[in-house]
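These notes concern the structure reproduced below.
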Amino acid sequence: MNVHWILIIVEIVVLISAFLTWNFLFKKNAHKKRNQLLQEAENKAEMMKQAKLLEAKEQFLQMKAEIEKSRTQVERYKQEQEKKLLSYETKLKQKELLYNQKIEDLQKKEKELQEMKDNLNKQLESIQKKNEDIELLRKQTIEQLEKISGLSAKEAKEELINRFFDEAKREAITRAKDIIEETRFNAEKEARKIIVETIQRIAADVSAEASVSSFTIASDEMKGRIIGREGRNIKTLETILGVDINIDDTPETITISSFDPYRREIARKVLEILVRDGRIHPARIEEVAAKVKQQMEQEIIETGRRVVYDLGFSNMHVELIRLVGKMKYRTSYGQNLLQHSIEVAQLCGIMASELGLNPKLARRAGLLHDIGKVVDVQLDEPHAIVGMNLAKKYNEHPDVVNAIGSHHEEVEMQTLLAPVVQACDAISGARPGARREVIESYLQRLTALESIAMSFDGVQKAYAIQAGRELRVIVGAEKISDVDATTLSLQLSKKIQESLTYPGQIKITVIRETRAISYAK
């Protein structure tokens, strides 16, 4: 038993010794390890300290450089601002000098104005004094006249007014009698003039068509290309287009000749396309000619529609519209047929309104009266009959049909519209300068009109305008008075009636003006 306990005690003692030994060794190792760790930590801390110091030093140097840079920029900015301030100061000094100069000038002007004011006041006082003297003299003169005449100023004024009134009354009665007698004598003549003035309200331009057109090209080199090898191109053009093309020595110009303006226009457009395109040979010529003819047909229809629309028609057959457009390329005695027909239509509308007829129907008949001249197939009948048949075929109004057929008296006139169309057709054809057969006499008459006006004293300029229906005369205001201007217009009208032969009437306008001119310096 004792042995057992002794063993136990020995074991315990051994265990305690082992524990103490292990504890001692552990503490010793831990202390050694702690010292190593502390040493490592101190080394690392020292390294970190050195790194941080280096980083702080670099940051310091960088901040120092930035501060230096900022300081340099601040110095530069400061210098620039100082320069600007100096510049502003200089400008302010200059402006101050200018303002001082202006103030001095204003003071001088104010002084001058004050002197002028004083002078004006003195002149005004002098004028007032003179007015008082004049008024006193006027009163004295009136008193002397009253003593001489034995009448007061009021009584003398009344007697003078009565005398002038009686004379004016007698003169007015005499003139009124003359006017009444002249009005009665010229009543029929004046009525005819009114109708003529109504007809002449349509003033169209002179339109004399030639049978030759000129076509301009960029260079003479193109002439050879148009002629072609052995003349094949120009022969093709003349054969297809039905015109004569003359290429001579005239620089950069080609002449197109034909009695038919429609053909000349087609030829001009074909040449224009060929020259612009540059490809000129027989096949190309045929292609372009066919294309241009189609375009011309479309243009003709569009022209007809535009004319019909402008005259206020809305239900005309398309074939009549096409023939109306075709009139643009037809002439009659050198006068463009479309312009002539439009003028006749407008004249018919005005005359129909004066006579109480239907103006729209009259314009329609006037537009279509020569439609027979532009039919596609030439017939042996007169154009008036051809046009009448066309109008009847396309269901035009019977009055329009009769007016077309009878405007040259091929058929009997059945309505009042027929003589209206006939008269307007004659007026448009006989209008001065309208047709080539009277163009020479027309020009001579205009020259004679101006020569007659210039033959009178005091006339500075004379112009014949409105196709010879008006003569505008400009006279000198220093030589001709208003009364003399009226007398001059009467003398001119009388001399023109005695010297010239002309249709309708001529309006003489005498212009007298006074001009006052001054210059501001």
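The values are calculated or read from the model by the stated rules, or taken from the named source; none is laboratory data. Nothing here was measured: the structure is a model prediction, and the numbers come from that model. No Cβ is skipped: glycine too gets one built from the backbone with ideal geometry, and neighbour counts run over all protein chains shown. These area figures cover heavy atoms from the full protein model, side chains too; ligands, DNA and RNA do not enter into them. Shrake-Rupley method; radii C 1.70, N 1.55, O 1.52, S 1.80 Å.
Extension gain for S353-D244 works out to 34.5 nm (0.36 nm per residue, less the C-alpha to C-alpha distance).
Working ranking of peptides 87-97, 229-239 by packing, defined as the average number of other Cβ atoms within 10 Å per residue, highest first, is 229-239, 87-97.
Compute the distance in nm between two label points, each set 7 Å from the Cα along the Cα-to-Cβ direction, one at S214 and one at E46. That separation, rounded to one decimal, is 11.5 nm.
Average accessible surface for segment 1-63: 99 Å² per residue, computed with a 1.4 Å probe over protein heavy atoms with every protein chain in place.
Taking 0.36 nm per residue of separation and subtracting the current Cα-Cα distance, fully stretching the chain between K93 and E381 would add 93.5 nm.
Each peptide among 477-485, 317-325, 5-13 gets the average number of other Cβ atoms lying within 10 Å of its residues, and from highest to lowest they stand as 317-325, 477-485, 5-13.
Each residue of segment 284-299 was assigned a 3J(HN,Hα) from its phi angle through the Karplus curve 6.51 cos²θ - 1.76 cosθ + 1.60 (θ = phi - 60°); the sequence is 5, 4, 5, 4, 5, 4, 4, 5, 5, 5, 5, 4, 5, 4, 5, 5 Hz, with glycine and proline shown as x. Surface composition of segment 1-50: carbon plus sulfur atoms contribute 71% of the solvent-accessible area (1.4 Å probe, protein chains only, all chains present). Here the accessible area is traced with a 1.4 Å probe on the protein chains. For segment 296-387, carbon and sulfur cover 49 percent of it. Between segment 70-87 and segment 1-43, the alpha-carbon centres lie 81 Å apart. Ordered from largest to smallest accessible area (heavy atoms of protein chains, 1.4 Å probe), the residues D310, D260 come out as D310, D260. Highest mean packing first, where packing is the average number of other Cβ atoms within 10 Å per residue, the peptides 402-415, 282-295 line up as 402-415, 282-295. In terms of accessible area, using a 1.4 Å probe and ignoring ligands and nucleic acids, Y329, Y309, Y394, Y463 rank largest first as Y309, Y463, Y394, Y329. Which entries in the list K360/K392; K235/K269; K223/K291; K28/K49 go over 20 Å, if you measure between the two C-alpha atoms of each? Listed pairs above 20 Å: K223/K291; K28/K49. Per-residue extension of 0.36 nm, minus the Cα-Cα distance of L416 and L145, leaves a gain of 90.0 nm for this segment.
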